[in-house]
Every structure is written in C-alpha cells, then in structure tokens.
Amino acid sequence: MSSSSALSIVPLRAHDTKAFITFPWRVYAGDERWIPPLIMERKEFLNPRKNPFFHHAAVQLFLAQQGRDTVGRIAAVINTAHNQYHNEHAGFFGLFECLPRAEIAAALLEAAASWVRQRGATFLRGPVNLSTNELDCGLLIEGFDTSPVFHSSYNPPYYATYVEANGFKPCKDLLAFLKTTDTPLPSRVQETITRLQARRKVTVRPINMRDFVADVRRITAAYNAAWSDNWGFVPITEAEAQHLAKALKMAVIPGLTLLAESNGEPVGCFVAIPDLNPALRHLHGHLTPWGLLRFLYHRRRIDTVRVAMMGIEKRYRRLGIDLLLLAKAWEQASKHGVARGELAWILEDNRLMVQALEAIGAHPYKRYRLYQKDVA
C-alpha cells in the first residue's frame, strides 16, 4: 500500500459482502483470543433475503480503502421498529473494525453519521450489530484478559479511544457475569426457592424439543413481556424468533432452556447455549468436512455456556422466579458437564437482575459500552 494513497469510504452494493466479512482477519492477525466467525453464517446474516431484521430496517455497509487495500469497515443502520417503539429518530452503527489509525475510524464514523442523518436520524448510537436483540452489543472496555464467549463482542482496546475522539459519549454500559457450578447456592437463596416451590403457583420446565416451534413462541412472548420497559429494547418479531430458533436448534441444550409458567402461561424464560467458540476456533471461518469433524470433536469438550436470554414478566417480579430459573439451570448444568456460565449481556442499571445474579454468587467480569453522538 502506498502511503500517499488517498483514504476513501466506499458504500457496498447489496450482497457485495466478501471483503467486508473477511476484513477482521487482518485486524486480529496474531490475536489468540479472537474467534473467526463462520463466513457462511455471516453471509446469511447480512443477506436481506434471509435475515428478517431487514424487514424493518435499512442497512448500508461501508469499506474504508486506501488504494486497493481495505483498512476498515462499518455498518450504518436505521431500525424502523426501534424508532416506532421508542418514538425516536435513532441511527445506529455496528460491525465496526479498523486498523490502528485514527483517521480511518474518523472517516468511517462520519460516513455512518452522514448516512443516518440523511434518513432523518438525530443521533447515532453504537456499536450495535445490527440490533440490540443480537447477543453482541457494545465495545469491550474491560475484560480483555479472557477469551470471548460465543457471540459476544470482542475488539482491540484502541476502538474506544477512537470512538470517543470523534465526539461520542458513553450512553449505557452492559455487563457480563460469570458463575461457576462448583459452589453451592447461598442458604438464603435456597430458602427463597423452597418457599416458592411450596406455593406451586409457578412451574419451571425445560423446552420441549418435540414442540420446538411452539415453545420458541412461548419463550419469545415471555421475553418480549419481560423486557418491554428496558432501555433500548425492541420486540422480537415472529419471523425473527423463528429465524433465531432455526439457528440455535442444533446448539440448544434442552435442560438449560427453561420456561417459567403460571396456569400454563409463560411468565419467564431462561435460554443458555454452549460456548461454541473453542470448537469454532479450529475452523478458521470455513466449514469443510474435515473442519466439521474437528468441530464435533472439540464440541464434546465444551464446559461453558452462555445465558443468552432471561427475563421475568413485570407482574411476576420480586417473587423469586428469577432465582428459581437460575437454580434449576445450575442444577441441570452439572448433569451436562457444565463448569461455568456467562450471563450476558445485563444492563448495568438493571438492579433487579444484577441483585439476582449477585445473590447466586455470580460476579461481573466483562464490561461493554455503547456510545452516542448527536448528528442533527
């Protein structure tokens, strides 16, 4: 690459995503903690015909190029569902990656700001990849000493510096908690669970794999009801729920995917999925027949799960149902050889959830940050 080559920001055409998807290999070359995503999965994720997120959102992908060299990338997003639900004029940026040069980050962030501004946005928030319903949101700002768990954000430390240098202010912190299965629940938590079970008003059961589609609908209903007042929440649509179910069906551990029900109606949910990253690490982004055998071999050794979804409907909070779900999950975890679980992401100011996690002995070990900037 010539040092005199001009830096340019190039909007990509639909489905012209190969360079966009493969660019992170350059950023993380030599980084042993980074887990390469499956290229085929990323192609489907960015395909408007296959990802139902695009039913209610517009997305523009940009590459930063210097000569023929790709040096950065970013996605700009207008999520109509978010704006209608929150009565806002929000724009989002996500899938942000760049080489360690401040001018690249500045050009990418300005391209995203300009694009959302032209479409009526008054502020730009991110990184969101591509929605807050995805598992990876925010920039990692604390917890670089441990490898990322499946579908969690990971980035070089310099990204936060670049974002802040371009006028973005922190707007929300997200926490990841860690819990091991080798320590018993505190006695006061066990007493609360015993009292709740004695009332028999709420039951907890694992997902029924024979009725998987219907139970996914029940989980979605419980999740949407539980999170309806949370910051940044957007209801999951039926199409998104079924798309997620299809993607996760092979990964779901039935005993660790739970529904809390009252009189047969869902009032809470708990969804844990295996941390597939140790197995994905060996694929280098490509699912070949030999790679699949290696993946299956390493998957059998996985002893970590990620709690990707948990919530209690508002009318049933402060009754200990969250503790009942957590206790049931940890009881099942030991049967499935699980040694630890990550619970993420959790809004830092969601005191009810934070207190429940602290009550069972979980502790925060990673912190992610969302940023925002006025663009009107």
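The values are calculated or read from the model by the stated rules, or taken from the named source; none is laboratory data. Computed from a predicted structure; not experimentally measured. No Cβ is skipped: glycine too gets one built from the backbone with ideal geometry, and neighbour counts run over all protein chains shown.
Taking helices (runs of 4 or more DSSP H) as the structural unit, those lying wholly within segment 1-50 and holding at least 3 residues that are within 24 Å of Glu110 (Cα to Cα) correspond to 18-22, 24-27. Contact map, segment 7-25: first residue not assigned by TED's automatic domain parsing to the domain that holds Leu61, second residue loosely packed, with under 12 Cβ neighbours inside 10 Å and in a helix (DSSP H, G or I), Cβ cut-off under 8 Å, separation 6 or more or different chains; the map is empty. Asp182 meets all of the listed conditions (1) farther than 30 Å from Ala376 by Cβ; (2) crowded, with 17+ Cβ neighbours inside 10 Å but one, namely (2). Residues of segment 314-339 that are farther than 17 Å from Val252 by Cα and within 21 Å of the chain's Cα centre (by Cα): Asp322 alone.
The set of residues from segment 192-235 being under 19 Å from Glu261 (Cβ atoms) and assigned to a loop (DSSP other than H, G, I, E, B) comprises Arg200, Lys201, Val202, Ile207, Asn208, Ser228.
Looking at segment 342-352, can you tell me whether even one residue there is free of Cβ contacts under 8 Å to residues at least 60 places away in the same chain and crowded, with 20+ Cβ neighbours inside 10 Å? Checked segment 342-352: no residue is free of Cβ contacts under 8 Å to residues at least 60 places away in the same chain and crowded, with 20+ Cβ neighbours inside 10 Å.
If you check Phe62, Phe53, which single one turns out to be touching a Leu at 6+ places or on another chain (Cβ under 9 Å), outside any helix (DSSP H, G or I) and of a type in the set (A, V, I, L, M, F, W, C)? Spell out how you get there, then give the answer.
Values: Phe53 fails: outside any helix (DSSP H, G or I).
None of the other options fit; the residue is Phe62.
On inspection, Glu240 passes the criterion of being surrounded by 19 or more Cβ atoms within 10 Å (Cβ to Cβ) and either in a strand (DSSP E or B) or assigned by TED's automatic domain parsing to the domain that holds Gln332 (or both).
Does His286 satisfy being touching a Lys or Arg at 6+ places or on another chain (Cβ under 7 Å), within 27 Å of Glu32 (Cβ to Cβ) and surrounded by fewer than 22 Cβ atoms within 10 Å (Cβ to Cβ)?
Details: touching a Lys or Arg at 6+ places or on another chain (Cβ under 7 Å): no; within 27 Å of Glu32 (Cβ to Cβ): yes; surrounded by fewer than 22 Cβ atoms within 10 Å (Cβ to Cβ): yes.
Criteria not met by His286.
Exactly one residue out of Ala121, Ala102, Ala107, Ala112 is within 27 Å of Gln65 (Cβ to Cβ) and loosely packed, with under 14 Cβ neighbours inside 10 Å: that is Ala102. Remark: Phe168 matches the filter, which requires a residue to be of a type outside the set (Gly, Ala, Ser) and under 23 Å from Arg369 (Cβ atoms).
You will find that of Met309, Met250, the residue that is modelled with pLDDT under 90, among the aliphatic types (A, V, I, L, M), under 30 Å from Asn83 (Cα atoms) and assigned by TED's automatic domain parsing to the domain that holds Ile193 is Met309 and no other.
Out of Ala245, Ala226, which single residue is surrounded by 20 or more Cβ atoms within 10 Å (Cβ to Cβ) and outside the structural domain of Lys43 (by TED's automatic domain parsing)? Explain how you work it out, then say what you get.
Details: Ala245 fails: surrounded by 20 or more Cβ atoms within 10 Å (Cβ to Cβ).
Every option except Ala226 fails the conditions.
Only residues that are more than 18 Å from Val271 (Cβ to Cβ) and at pLDDT 90 or above: list them for segment 207-238, please. Trp231, Gly232 - these are the residues of segment 207-238 that are more than 18 Å from Val271 (Cβ to Cβ) and at pLDDT 90 or above.
Return the only residue of Val189, Val204 being surrounded by 18 or more Cβ atoms within 10 Å (Cβ to Cβ), at pLDDT below 85 and either within 21 Å of Val271 (Cβ to Cβ) or of a type in the set (A, V, I, L, M) (or both).
Values: Val204 fails: at pLDDT below 85.
On inspection, the qualifying residue turns out to be Val189.
If you go through segment 71-86 one residue at a time, do you hit one that is in contact (Cβ under 8 Å) with a residue 40 or more places away in the chain and part of a loop (DSSP other than H, G, I, E, B)? Looking through segment 71-86, none of the residues is in contact (Cβ under 8 Å) with a residue 40 or more places away in the chain and part of a loop (DSSP other than H, G, I, E, B). Of all residues in segment 250-289, those satisfying the criterion of being closer than 20 Å to Phe150 by Cα and part of a helix (DSSP H, G or I) are Pro254, Gly255, Leu256, Asn277, Pro278, Ala279, Leu280.
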